[in-house]
């Protein structure tokens, strides 16, 4: 479940990079850094799920990691919505 969430976030980040929106170089670089970090998170979660971690401290850490992933997913959704609205407003101004 968490792995699917992180995979989805990674895909969103990748699509932001290649999207038609005009991103400044610094924003694009930050998105690439986030994508790299989420790939690392994905690998950790995948490994933890394979090992079926039994240690309580590790379980708590993984739960926090999942929570952060959900929060990041929400932030990316909000950002994507704002970018789409901005693009629509720009298109309307052109007509």
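Bear in mind that the values in this text are calculations on the coordinates, not laboratory data. Everything quoted here is computed from the prediction, not taken from an experiment. Please note: Cβ atoms are built from the backbone with ideal geometry, for glycine as well, and neighbour counts cover all protein chains shown.
Ranked for footprinting exposure by Cβ neighbours inside 10 Å, fewest first, 83, 72 give 83, 72. Volume per residue of the convex hull around the Cα atoms, evaluated for the stretch 2-94, comes out as 81 Å³. In this structure, residue 28 and residue 49 have a Cβ-Cβ separation that, at R0 = 41 Å, corresponds to a calculated FRET efficiency of about 0.85. Fewest neighbouring Cβ atoms within 10 Å first, the residues 69, 7, 36 line up as 36, 7, 69.
Relative contact order for the stretch 2-94: 41 percent, from Cα pairs under 8 Å spaced at least 6 residues apart, divided by residue count. Going by neighbour counts of Cβ atoms within 10 Å, the residues 33, 66, 28 line up, fewest first, as 33, 28, 66.
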